[in-house]
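I have placed the structure first, in the form of structure tokens, so that the comments after it can refer back to it.
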Amino acid sequence: YPTHASKVNVYNQLERMTKEGAKAGSKSCNNGIKMHKMFENANTFDDLHKAVDLMLNNAAIRQKRADSLHAKIDSFSKNSLVAEWFSGDWDDVKCETELLCNGKSLRPDRVMIKQGKAVIVDYKFVAQPNLDHHQQVEEYIKLLTEMGTYDNIEGYIWYVDLDQIVRV
């Protein structure tokens, strides 16, 4: 017998992409969903390469796109900040994990934790930066601060296709 009313929140990547301005079914929206999927469980660059291979094997992308993504991943390693994020040296990496605090619920793309430090990264696959993205990461930082668990919190917006990283 249930003793409380159950409430289930189902995460929908398409809903999130359309809230950020992508048109459902558009090439841009589909690309964003696939790219988020690629980053979803990656702790290292090798994990990213494996995710691309899996998308290729599952016919989610074609060989030409896979080759392009592999080259892009290799280029990521040249950026010292991104190289740190995918070094595999973090104590914990949370991808697309819901954060709950004081009745608020948010879902940053990536939170990396090591020795009292938390680094938040929100991936964007858009043609141009948007002020709303900055506010979104500020909310993530605020929520983690309210949790009181981390001594040092950093937040970043990574415009992957634009090869830009913005510290919030």
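The values are calculated or read from the model by the stated rules, or taken from the named source; none is laboratory data. Note that the structure is predicted; figures quoted are calculated from it, not measured. Cβ atoms come from the backbone with ideal geometry, glycine included; neighbour counts cover every protein chain shown. Calculation scope for accessible area: heavy atoms of the full protein, side chains included, ligands and nucleic acids excluded. Shrake-Rupley method; radii C 1.70, N 1.55, O 1.52, S 1.80 Å.
Averaged per residue, the stretch 40-95 has 59 square angstrom of accessible surface, using a 1.4 angstrom probe with ligands and nucleic acids left out. Note on Glu138 and Glu40: their simple-model spin labels are 3.1 nm apart, each label 7 Å out from Cα toward Cβ.
Amide H to amide H, with H built 1.01 Å from N, Ile153 comes under 5 Å of Ala118, counting only residues 5 or more places away or on other chains. Excluding same-chain residues fewer than 8 positions from Lys117, which aspartates and glutamates have a Cα within less than 19 Å of its Cα? List returned: Glu84, Asp89, Asp91, Asp92, Glu96, Glu98, Asp109, Glu138, Glu139, Glu146, Asp151, Glu154.
Round to the nearest 0.05 the FRET efficiency obtained for His70 and Ile165 when R0 = 22 Å and r is the Cβ-Cβ distance.
Details: r = 21 Å, r/R0 = 0.94.
That pair, His70 with Ile165, gives E of 0.60.
When each of the peptides 106-114, 124-132, 36-44 is scored by the mean number of other C-beta atoms lying within 10 Å of its residues, the order from highest to lowest reads 106-114, 36-44, 124-132.
Report the FRET efficiency, 1/(1 + (r/R0)^6), for Lys117 and Lys78, where r is their Cβ-Cβ distance and R0 is 25 Å, rounded to 0.05.
Values: r = 24 Å, r/R0 = 0.94.
The value I calculate is 0.60.
Listed peptides 47-57, 138-148 appear in the order 47-57, 138-148 once ranked by packing, highest mean of other Cβ atoms within 10 Å at the front. Surface composition of the stretch 31-161: carbon and sulfur make up 47 percent of the accessible area, probe 1.4 Å.
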